[in-house]
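Peer 1: Dumping the structure here so I can ask a few things about it.
The values are calculated or read from the model by the stated rules, or taken from the named source; none is laboratory data. Here the structure is a predicted model, which is why all the values come from computation and not from measurement. Glycine also receives a Cβ, built like all others from the backbone with ideal geometry; neighbour counts cover every protein chain displayed.
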Amino acid sequence: MSVLLLQGPLGPFFDHLARRFKQVGLPVHKIHFNGGDESYYYQNNALAFSGSPEQWPAFLSQFMRDHNIKLVMAYGDCRFYHHEAKRLCINNGVQYIALEEGYLRPNYITLEVNGVNGHSPIKHDGVEAYRPMHTIHDEVVMPGNFLKRTRYAIKYYVTNILKKQKFAHYMHHRAYNAFAEAGCWIRAYARKQFYKISEPSASRLTRKSDFFLVPLQVHNDAQIEFHSQYESIEHFIQEVMLSFALNKCTQRLVIKHHPMDRGHVNYKQYINKLAKELGISQQVDYIHDQHLPTLLKACKGIVTINSTTALQAFYHEAPVKVMGNAFFNMPGLTDQKTLAEFWVNPEKPDMEFADRFRGYLLDHGQINGSFYCQFRFTCDNIIQYMQSHGMLDLQPVNNT
């Protein structure tokens, strides 16, 4: 059984995972698509794909036959290269495993067969049939890693520039300029420090008056492109604010920027202009890094496209209205009424079902660990999880 790794999260995580796979006897191969991929992988079992996107399916099909690939792992399933790989895997009886940031953050990562988020195999019937309540044992808290992620991102994009000629046909999953991306991560750190002193704390916000929370997603999130009807985050903001104004809501609307998008975009002018046009300027707050659990506990409800912030909201009994497509948009968890009705009478989740849902997640694809630190611990947990769920046929993990 040979494993093929495609693109992973920013940083050296896939290098560590490959090492652990080899230590338990699995042949591992890696395909690089750009200089950033190469810069974090330090082993000799990798091949650079420098062909065009049109050549990728035939190249991968031949590679999988030549190396007897039985398992493909990648970070996400919506990138062009990964989407084509998943299609080939399904057609040829090869396992495709998608990794993603944890649904239950910050102490978990996600591992699912054939897709994550909107492509997740999680269904209402599966949760309904899941009776045992999960009890967390020995959960390891993951340390903060923003600075590490910033360094990883800067190195990744700078190396892309330096090796651009080698990978001239590479098609990135998001429109970007490598110099600009590196600069955005530097700006994100500076803005983080600025917002600490310039914006009110979460506790101060919650004391002002009742409010609805709108957690934004990353501006080029694949969940928006592939799992929603929205053309952009601005499109979503406009619909929410217009509905809020038309329904003459008396509460406040707190719009929270995504922390990983801090250096890339700023919606302040757009939100202020729209709020003024709608006559709700005094009711709208635009915030960045305030403590999310504090906001979730106090809000009247949250409105989201399909952000996994909703999974934290369930824990705090906050009503949730999903505006896009999401695996967690199901009766018992989210409000099934229209947005106009939600403003008037937001429905809280059924906490027994929400508890069962959390237990189901923890037993189905949530792995204690991080892509950016605690590498050995996380890789061991992945291998143990894959063994226990029939994805690998191995002897117990070698911890020597």
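Peer 1: (1) in contact (Cβ under 8 Å) with a residue 40 or more places away in the chain; (2) over 19 Å from residue 108 (Cβ atoms); (3) hydrophobic (A, V, I, L, M, F, W, C): which one isn't true of residue 351, the others all being true?
Peer 2: With (1) in contact (Cβ under 8 Å) with a residue 40 or more places away in the chain; (2) over 19 Å from residue 108 (Cβ atoms); (3) hydrophobic (A, V, I, L, M, F, W, C) applied to residue 351, the lone miss is (1).
Peer 1: Within region 186-260, which helices (runs of 4 or more DSSP H) (wholly inside it) include 3 or more residues that are under 26 Å from the mean Cα position of the chain (by Cα) and surrounded by fewer than 20 Cβ atoms within 10 Å (Cβ to Cβ)? Outline the logic, then answer.
Peer 2: Details: elements: 202-206, 222-227, 233-246.
The qualifying helices (runs of 4 or more DSSP H) are 222-227, 233-246.
Peer 1: Tell me which residues, restricted to region 166-181, are among the hydrophobic types (A, V, I, L, M, F, W, C), surrounded by fewer than 19 Cβ atoms within 10 Å (Cβ to Cβ) and in contact with a helix residue (DSSP H, G or I) (Cβ under 7 Å, 6 or more places away or on another chain).
Peer 2: 171, 179
Peer 1: Does region 15-32 contain any residue that is crowded, with 22+ Cβ neighbours inside 10 Å, among the small types (Gly, Ala, Ser) and modelled with pLDDT under 95?
Peer 2: No, every residue in region 15-32 fails to be crowded, with 22+ Cβ neighbours inside 10 Å, among the small types (Gly, Ala, Ser) and modelled with pLDDT under 95.
Peer 1: Here are some residues: 63, 80. Which one is surrounded by fewer than 15 Cβ atoms within 10 Å (Cβ to Cβ) and out of contact with any strand residue (DSSP E or B) (no Cβ under 6 Å at 6 or more places or on another chain)? Working first, answer last.
Peer 2: Details: 63 fails: surrounded by fewer than 15 Cβ atoms within 10 Å (Cβ to Cβ).
Every option except 80 fails the conditions.
Peer 1: So how many residues does region 15-62 have that are in contact with a helix residue (DSSP H, G or I) (Cβ under 6 Å, 6 or more places away or on another chain) and part of a strand (DSSP E or B)?
Peer 2: Of the residues in that region, 2 qualify.
Peer 1: Something else: Assess whether residue 47 counts as being closer than 27 Å to residue 378 by Cα, modelled with pLDDT of 95 or more, surrounded by fewer than 15 Cβ atoms within 10 Å (Cβ to Cβ) and among the hydrophobic types (A, V, I, L, M, F, W, C). Walk me through it before giving the result.
Peer 2: Numbers: closer than 27 Å to residue 378 by Cα: yes; modelled with pLDDT of 95 or more: yes; surrounded by fewer than 15 Cβ atoms within 10 Å (Cβ to Cβ): yes; among the hydrophobic types (A, V, I, L, M, F, W, C): yes.
So residue 47 passes the test.
Peer 1: Next question. Taking the residues in region 261-283 that are of a type in the set (S, T, N, Q) and not in a loop (DSSP other than H, G, I, E, B) as candidates, determine which candidate is nearest to residue 203 (Cα to Cα). Let's see the steps before the verdict.
Peer 2: The first filter runs over region 261-283 and keeps only residues of a type in the set (S, T, N, Q), leaving 266, 269, 272, 281-283.
Adding the requirement that they be not in a loop (DSSP other than H, G, I, E, B) leaves 269, 272, 281-283.
Working: 269: 25, 272: 23, 281: 21, 282: 19, 283: 17 Å.
Restricting to residues being of a type in the set (S, T, N, Q) and not in a loop (DSSP other than H, G, I, E, B), the top hit is 283.
Peer 1: A further question follows. Please work out which residue is surrounded by the most Cβ atoms within 10 Å (Cβ to Cβ), limiting yourself to region 140-150 and to residues that are without any contact (Cβ under 8 Å) to a residue 40 or more places away in the chain and either touching a Lys or Arg at 6+ places or on another chain (Cβ under 6 Å) or within 19 Å of residue 258 (Cα to Cα) (or both). Break it down into steps so the answer makes sense when it comes.
Peer 2: Quick first cut of region 140-150, residues without any contact (Cβ under 8 Å) to a residue 40 or more places away in the chain only: 141, 144, 150.
Remaining after also requiring either touching a Lys or Arg at 6+ places or on another chain (Cβ under 6 Å) or within 19 Å of residue 258 (Cα to Cα) (or both): 144, 150.
On the way: 144: 10, 150: 19.
Step by step, filter region 140-150, then rank; the result is 150.
Peer 1: Quick check on region 72-88: of everything there that is touching a Leu at 6+ places or on another chain (Cβ under 9 Å) and among the hydrophobic types (A, V, I, L, M, F, W, C), which residue is nearest to residue 1 (Cα to Cα)?
Peer 2: Filtering region 72-88 down to residues touching a Leu at 6+ places or on another chain (Cβ under 9 Å) leaves 72-76, 79, 81-82, 84-85, 88.
Applying the additional criterion that residues be among the hydrophobic types (A, V, I, L, M, F, W, C) yields 72-74, 85, 88.
On the way: 72: 11, 73: 13, 74: 17, 85: 17, 88: 17 Å.
My answer is 72.
Peer 1: Out of the residues in region 151-165 that are under 19 Å from residue 8 (Cβ atoms) and either touching a strand residue (DSSP E or B) at 6+ places or on another chain (Cβ under 7 Å) or of a type in the set (Lys, Arg) (or both), state the one that is surrounded by the most Cβ atoms within 10 Å (Cβ to Cβ).
Peer 2: Only one residue fits best here, namely 163.
Peer 1: If you don't mind, there's one more thing I want to ask. Can you give me the number of residues within region 33-48 that are without any contact (Cβ under 8 Å) to a residue 60 or more places away in the chain and not small (Gly, Ala, Ser)? Write out each step before concluding.
Peer 2: Filtering region 33-48 down to residues without any contact (Cβ under 8 Å) to a residue 60 or more places away in the chain leaves 37, 41-47.
Remaining after also requiring not small (Gly, Ala, Ser): 37, 41-45, 47.
The total comes to 7.
Peer 1: Continuing with this model, one more query. Restricted to region 337-379, and to residues that are at pLDDT below 95 and among the aromatic types (Phe, Trp, Tyr), which residue is farthest from the chain's Cα centre (by Cα)?
Peer 2: Here the residue is 353.
Peer 1: Quick one: which strands (runs of 3 or more DSSP E) lie wholly within region 291-400 and hold at least 2 residues that are over 20 Å from residue 121 (Cβ atoms) and assigned by TED's automatic domain parsing to the domain that holds residue 214?
Peer 2: Details: elements: 301-304, 320-322, 366-368.
Of the strands (runs of 3 or more DSSP E) lying wholly inside region 291-400, those with at least 2 residues that are over 20 Å from residue 121 (Cβ atoms) and assigned by TED's automatic domain parsing to the domain that holds residue 214 span 301-304, 320-322.
Peer 1: Go through 302, 287 for me and flag whichever is within 30 Å of residue 152 (Cα to Cα), touching a Pro at 6+ places or on another chain (Cβ under 9 Å) and surrounded by 16 or more Cβ atoms within 10 Å (Cβ to Cβ). Don't jump to the end; show me each part of the working.
Peer 2: Working: 302 fails: within 30 Å of residue 152 (Cα to Cα).
Only one candidate passes the filter, namely 287.
Peer 1: Look at residue 98 and say whether it is crowded, with 16+ Cβ neighbours inside 10 Å and either on the phi > 0 side of the Ramachandran plot or touching an Asp or Glu at 6+ places or on another chain (Cβ under 7 Å) (or both). Reasoning before the result, please.
Peer 2: Numbers: crowded, with 16+ Cβ neighbours inside 10 Å: yes; either on the phi > 0 side of the Ramachandran plot or touching an Asp or Glu at 6+ places or on another chain (Cβ under 7 Å) (or both): yes.
Taking the combined requirement at face value, the residue satisfies it.
Peer 1: Oh, and also: Need a quick list: helices (runs of 4 or more DSSP H) entirely within region 69-183 having at least 1 residues that are among the hydroxyl-bearing types (Ser, Thr, Tyr) and in the same structural domain as residue 13 (by TED's automatic domain parsing).
Peer 2: On the way: elements: 80-92, 124-128, 146-162.
So the answer is 80-92.
Peer 1: Could you tell me which numbered condition residue 317 fails, if it satisfies all but one of (1) at positive phi; (2) free of Cβ contacts under 8 Å to residues at least 12 places away in the same chain; (3) among the charged types (D, E, K, R)?
Peer 2: (2)
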